[in-house]
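The values are calculated or read from the model by the stated rules, or taken from the named source; none is laboratory data. Note that the structure is predicted; figures quoted are calculated from it, not measured. These accessible areas exclude ligands, DNA and RNA; they are computed on the full protein's heavy atoms, side chains included. Shrake-Rupley method; radii C 1.70, N 1.55, O 1.52, S 1.80 Å.
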Amino acid sequence: AVVSTQSTGGKKCDLIFVFFDPIGQALCKRTLNIVENLNEYAGDKIKFYLSKADTAGSETDRQKVLMQIVQELCKRPGLNKTGFDMPTIYVPTLAAEKTKCVNQIEEVCKDIDRSIAHTLQSILNTLDRDSTALVERIDERMETDRTNGKHNIKAHSWWLFLTTLAVGMVLAITTQLIFSLVSPKLLDTLIGKEHSQLVFETITPVLGLFSLIPEENKYFIFGALGGVNLILFILAKVLSRTKPRLSSKQKKQFSADRKKLVETIKPRQADMYSKYLAQCAE
């Protein structure tokens, strides 16, 4: 669990400081194992320091300590690097007595400042890119929804037109078949003479149209009309296929998100970037 936590932290952090204590157990196997493990995937982030350098004795003693640490590190293939550097640092206010040891703790602070500045700039640039990408993505989704809406209107129009045409043909054929089998006298008896006359006047155009068809070709024409009618129903089903639309709740959420990105987040990012540049100039 400890190694896993260290690995996760090493991958996420920007800098890894390794402090070797001249009077502690910095060179113990466990410490070097951790450093070697971190070096596998975060070698460019690792920086070595000799901490409490003022307690290492004279300059000669400090050189011995540094040599000992370097020798131990070089025994590990992963830590054997060229251009190896190990600044000496200590806290001046905690020094027991005055020392001539060079204190490079300011370099540590500068490394931290540079890392923070680089990370901050990277975050602000990423925020700007992500905000722009999100706005473009929302606009794309909204435009797709509008296009789908237009397509659906056309699809419903085609369905209405073709279905009406197909149903009209079915009614025409059915009417012809019914009234070719029912005599006028029977119809007068069933619904009354006045209603029968009204019905015949209404369907006279249909009967007149079918009367133009030769008797020997009627079944062929009816079959052809039935086939055309089937094709119309199939076309109505195919052409009436709709595309998905955003719900009112989704549209409202997208609009709110876009407004927040454009009116709040992007201006705030620009303001923070201006402050960052001003701070860098100082």
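Give me the accessible area per residue for region 8-143, probe 1.4 Å, as a whole number in Å².
Working: 8700 Å² over 136 residues.
In whole numbers, region 8-143 has 64 Å² accessible per residue.
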Original post:
When all protein chains stay in place, what accessible area (Å², nearest 10, 1.4 Å probe) is found for Met272?
Top reply: 80 Å²
Subject >> Filter on Lys150/Lys251; Lys64/Lys100; Lys29/Lys75; Lys45/Lys100 - keep pairs with C-alpha separation over 23 Å >> reply: Lys45/Lys100
**OP:** Please list Thr147, Thr31 in order of solvent-accessible area, largest first, computed with a 1.4 Å probe with all protein chains present.
**Re:** Thr147, Thr31
Original post:
How big is the accessible area of Lys154 in square angstrom, nearest 10, if you roll a 1.4 angstrom probe over the protein chains?
Top reply: 140 Å²
**OP:** Give the ranking of Cys101, Cys13 by solvent-accessible surface, highest area first, calculated with a 1.4 Å probe.
**Re:** Cys13, Cys101
**OP:** Show which lysines lie in cross-link reach of Lys154 when reach means a straight Cα distance below 19 angstrom and same-chain residues fewer than eight apart are skipped.
**Re:** Lys237, Lys243
**OP:** Report the accessible area of Thr93, computed with a 1.4 Å probe over the heavy atoms of all protein chains in place, in Å² rounded to the nearest 10.
**Re:** 130 Å²
